[in-house]
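The values are calculated or read from the model by the stated rules, or taken from the named source; none is laboratory data. These numbers were taken from a predicted model, which means no experiment stands behind them. Using ideal geometry, Cβ is built from the backbone for each residue, glycine included, and neighbour counts are taken over all protein chains shown. Only protein heavy atoms, including side chains, enter the accessible area calculation; ligands, DNA and RNA are left aside. Shrake-Rupley method; radii C 1.70, N 1.55, O 1.52, S 1.80 Å.
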Amino acid sequence: MGAGHGHRLHFHGHSPVHRAPAHVKLLVLLGFVLTVVATPREWYAAYAVFLVVLLGVIAVARVPYGYLAKRMVVEVPFVVFAVLMPFVATGPRTEVLGVSVSEAGLLAAWALLAKGTLGVLASLTLAATTEPTAVLAGLQRLRMPELLVQIMGFMIRYLDVVTSEMGRMMTSMRSRGCEPRSPRHWPALARSLGALFIRSYERGERVHLAMVSRGYTGRLPEAVRTTGESA
């Protein structure tokens, strides 16, 4: 159980953004995302202002732009979907670089890219400037149901454990001549993922039984919550 604790997104620093209370940053992030989503897609200048503000916050936090750019790969599926929208949408057509595309699809693709990119970049900025334990403490201060906070805490704690175990399984498969990326080996990969799910489920049961045997009744001890809040 000696794996990491889910700090891979965090960028250590001592900027004003890093020192700001986690619950305040969560509220600011929520307000920013809701504002971006509610902004009409035709207000191009507003999106430019949003981007400038966000880049300014990143600069104040002294988080390298490249550090965040590498982690925005999570947005790739949305980018692919947005690129396809002008070609599959119906309605009036226009030409872009000699290619006929849907005007409605083009506008929808722009809105998806703009809003999605701003939302992902803002979320990554929060993750880069806030420790996971501080995020959990902030959620507690915002009165999120304690059970949900506990579930998120255990997810952060054991995510690296599960991914490390999956990495060892992939290494073992490759050492036996099985390449997980090859379609003909996908059945073996599916069986391995199934076994990983069973192991993770059984580990969760063992952890729960161990907690119950130590007096867990659905609430974490006060000392644990205080430690999380002071992190």
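Exactly one condition in (1) acidic (Asp, Glu); (2) within 17 Å of residue 9 (Cβ to Cβ); (3) open to solvent by 30 Å² or more (accessible area, probe 1.4 Å) is not met by residue 103; state its number.
(2)
Kindly evaluate residue 14 against the criterion of being assigned to a helix (DSSP H, G or I) and over 13 Å from residue 112 (Cα atoms). Walk me through how you get there before you give the answer.
Numbers: assigned to a helix (DSSP H, G or I): no; over 13 Å from residue 112 (Cα atoms): yes.
Here the answer is no, as residue 14 does not meet what is asked.
Tell me which residues, restricted to segment 67-85, are aliphatic (A, V, I, L, M) and either under 24 Å from residue 125 (Cβ atoms) or not assigned by TED's automatic domain parsing to the domain that holds residue 55 (or both). Step through it out loud before you land on a result.
Just the residues of segment 67-85 that are aliphatic (A, V, I, L, M), to begin with: 68-69, 72-74, 76, 79-80, 82-85.
Answer for segment 67-85, where residues must be aliphatic (A, V, I, L, M) and either under 24 Å from residue 125 (Cβ atoms) or not assigned by TED's automatic domain parsing to the domain that holds residue 55 (or both): 68, 69, 72, 73, 74, 76, 79, 80, 82.
Please go through segment 9-51 and pick out each residue that is of a type in the set (Gly, Ala, Ser) and under 22 Å from residue 71 (Cα atoms). Explain how you work it out, then say what you get.
Let us first name the residues in segment 9-51 that are of a type in the set (Gly, Ala, Ser), namely 13, 15, 20, 22, 31, 38, 45-46, 48.
Scanning segment 9-51 gives 13, 15, 22, 48.
Show the residue pairs meeting these rules: Cβ distance below 9 Å; 6+ apart or different chains; first residue within segment 168-183 and in a helix (DSSP H, G or I); second residue aliphatic (A, V, I, L, M).
169/193; 169/195; 169/196; 170/189; 173/188; 173/189
Within the group 182, 172, 102, which residue is over 30 Å from residue 211 (Cβ atoms) and in the same structural domain as residue 22 (by TED's automatic domain parsing)?
On the way: 182 fails: in the same structural domain as residue 22 (by TED's automatic domain parsing); 172 fails: in the same structural domain as residue 22 (by TED's automatic domain parsing).
Just one listed residue meets the conditions, 102.
For segment 65-90, enumerate the residues that are in a loop (DSSP other than H, G, I, E, B) and surrounded by 12 or more Cβ atoms within 10 Å (Cβ to Cβ). If you could, list the steps in order and put the result at the bottom.
The first filter runs over segment 65-90 and keeps only residues in a loop (DSSP other than H, G, I, E, B), leaving 89-90.
Scanning segment 65-90 gives a single hit, 89.
If you take the residues in segment 185-231 that are at pLDDT below 80 and loosely packed, with under 10 Cβ neighbours inside 10 Å, which one is farthest from residue 132 (Cα to Cα)?
The extreme case among them is 217.
Does residue 148 meet the test of being in a helix (DSSP H, G or I), of a type outside the set (Val, Ile, Thr) and open to solvent by 30 Å² or more (accessible area, probe 1.4 Å)? Lay out the reasoning, then the answer.
Working: in a helix (DSSP H, G or I): yes; of a type outside the set (Val, Ile, Thr): yes; open to solvent by 30 Å² or more (accessible area, probe 1.4 Å): yes.
Judged against the criteria, residue 148 is a match.
State which residue pairs qualify: first residue closer than 12 Å to residue 55 by Cβ and of a type in the set (A, V, I, L, M) and inside segment 111-123, second residue open to solvent by 30 Å² or more (accessible area, probe 1.4 Å) and in a helix (DSSP H, G or I) in any location, beta carbons under 7 Å apart, and separation of 6 or more residues or different chains.
Matching pairs, first to second residue: 118/50; 118/51; 121/72; 122/29; 122/32; 122/33.
Could we say that residue 53 is assigned to a helix (DSSP H, G or I), open to solvent by 70 Å² or more (accessible area, probe 1.4 Å) and modelled with pLDDT of 90 or more here? Before you say what the answer is, go through the steps one by one.
Values: assigned to a helix (DSSP H, G or I): yes; open to solvent by 70 Å² or more (accessible area, probe 1.4 Å): yes; modelled with pLDDT of 90 or more: yes.
Yes: the conditions hold for residue 53.
Can you find even one residue in segment 37-48 that is under 19 Å from the mean Cα position of the chain (by Cα), surrounded by 13 or more Cβ atoms within 10 Å (Cβ to Cβ) and not charged (D, E, K, R)?
Going through segment 37-48, the residues under 19 Å from the mean Cα position of the chain (by Cα) turn out to be 37.
When the remaining residues are screened for being surrounded by 13 or more Cβ atoms within 10 Å (Cβ to Cβ), the result is none.
There is no residue in segment 37-48 that is under 19 Å from the mean Cα position of the chain (by Cα), surrounded by 13 or more Cβ atoms within 10 Å (Cβ to Cβ) and not charged (D, E, K, R).
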